[in-house]
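Input: a single structure, listed below in structure tokens.
The values are calculated or read from the model by the stated rules, or taken from the named source; none is laboratory data. All of these numbers come straight from a predicted model, not from anything done at the bench. Don't worry about glycine lacking a Cβ; one is built from the backbone with ideal geometry, like all the others, and counts go over all protein chains shown.
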Ligand SMILES: Nc1ncnc2c1ncn2[C@@H]1O[C@H](COP(=O)(O)OP(=O)(O)OP(=O)(O)O)[C@@H](O)[C@H]1O
Ligand SMILES: [Mg+2]
């Protein structure tokens, strides 16, 4: 087992001026499950491939434990990768697939058999050891790919979207299995996904990347409750946080007919900026009586999901604003979670009060979190 350190690691692909990964600084603890997450093209796979030695590092360094591996070949890094495409050998049995890397490395037959059987037991694959991959389900193949990594007893596991070939239900099941298996084995793991739910449910910590730049590294809890900037705020959480720019007027921020008081720490951090980005999660509201501190919402649609209802709508008076307040990219619609027993009708106006501590403030200029 080992720590992993990205020390200013940068990758600029030939023919490109902008780095795919720009001065990445990230320290992964011994035994930690770290999830790298971000939108498509943000540099997740490139980061992982630099750590694996499959991609050049143009500046900066990569360390595994205390060892600088920046110029070490992939084979000598003592890592094992699991990719989206498991690339099992179709003509080999499950056991041979799992033991293949050990065979190449010259490990003796009895030891290979012992390690393969142990991995098969952990992964619940014992009864499939003599089958060929084509006679397995998607989830079983995924576990064989995991087994192939486990038998090598590496210092670090690298996984790049290993669940994206599975259907939704199996993905949920398998992500729990991988997370608990990793904890059992205690092997430092870097796991890449674009799925924020996977990140929140699996990681000890999450690192969010955007355009090759690290945005925040934090525990799932911290990432959810104190996003470092408006991008992370909108990316982590589902349905996405309601976000938009409000006008700063004295001690408060205004949007349409809604008013939100600015805490002292936020007010002083805003300085002379005349707008502030406000973020409130769908679950951050309660329905209230009309009042100066409430947000009037014109309901356009109500969705009942059994355990919750989601109310969609726009803030009264929003038509007079230059920008929009909504959940998700370029969305003009707000989303509010309400208890299912609370009956809300379409075309009604409801009054929402943000729950204490559930309003996030960001600079409308830099996107950075303001106040506490
Ligand atoms: N071999 C390459 N040559 C040139 N540019 C590349 C190469 N591989 C990736 N890129 C570019 O580098 C950036 C980061 O790519 P990367 O594959 O790391 O993204 P990603 O976060 O893994 O995305 P996805 O979620 O789609 O897999 C992208 O803009 C991509 O187009
Ligand atoms: Mg990728």
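Tabulated values for the structure
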quantity	calculated
Matching residues, the stretch 149-176, being within 16 Å of ligand 2 (Cβ to nearest atom) and within 15 Å of the chain's Cα centre (by Cα)	159, 160, 161, 162, 163, 164
Total residues in the stretch 2-47, condition within 16 Å of ligand 1 (Cβ to nearest atom) and not in a loop (DSSP other than H, G, I, E, B)	17
Residues satisfying the stated conditions in the stretch 300-331, i.e. outside any strand (DSSP E or B) and surrounded by 14 or more Cβ atoms within 10 Å (Cβ to Cβ)	316, 317, 318, 321, 323, 324, 325, 328, 331
Subset tally (residues that are within 16 Å of ligand 2 (Cβ to nearest atom) and closer than 13 Å to residue 7 by Cβ) for the stretch 46-70	3
Per-region count, the stretch 48-78, residues touching a strand residue (DSSP E or B) at 6+ places or on another chain (Cβ under 7 Å), within 14 Å of residue 157 (Cα to Cα) and near ligand 1 (Cβ under 10 Å from one of its atoms)	2
Contacts under 9 angstrom Cβ, first residue in the stretch 48-64 being touching a residue at least 60 places away in the same chain (Cβ under 8 Å) and more than 15 Å from residue 36 (Cβ to Cβ), partner assigned to a helix (DSSP H, G or I) and more than 13 Å from ligand 1 (Cβ to nearest atom), 6 or more apart	64/77
Residue tally, condition surrounded by fewer than 20 Cβ atoms within 10 Å (Cβ to Cβ) and closer than 22 Å to residue 154 by Cβ, over the stretch 33-44	0
Residues being surrounded by fewer than 20 Cβ atoms within 10 Å (Cβ to Cβ), free of Cβ contacts under 8 Å to residues at least 40 places away in the same chain and more than 20 Å from residue 318 (Cβ to Cβ) - total across the stretch 231-263	2
Among (1) in contact (Cβ under 8 Å) with a residue 24 or more places away in the chain; (2) away from ligand 1 (no atom under 16 Å from the Cβ); (3) surrounded by fewer than 21 Cβ atoms within 10 Å (Cβ to Cβ), the one test that residue 125 misses	(3)
Search result, residues across the stretch 191-214 that are surrounded by fewer than 23 Cβ atoms within 10 Å (Cβ to Cβ) and either away from ligand 2 (no atom under 16 Å from the Cβ) or assigned to a strand (DSSP E or B) (or both)	197, 200, 201, 204, 205, 210, 213, 214
Boolean, residue 130 is surrounded by fewer than 15 Cβ atoms within 10 Å (Cβ to Cβ) and either more than 21 Å from residue 91 (Cβ to Cβ) or touching a strand residue (DSSP E or B) at 6+ places or on another chain (Cβ under 7 Å) (or both)	no
Residue 145 being at pLDDT 90 or above, under 22 Å from residue 5 (Cα atoms), more than 16 Å from ligand 2 (Cβ to nearest atom) and in contact with a strand residue (DSSP E or B) (Cβ under 7 Å, 6 or more places away or on another chain)	no
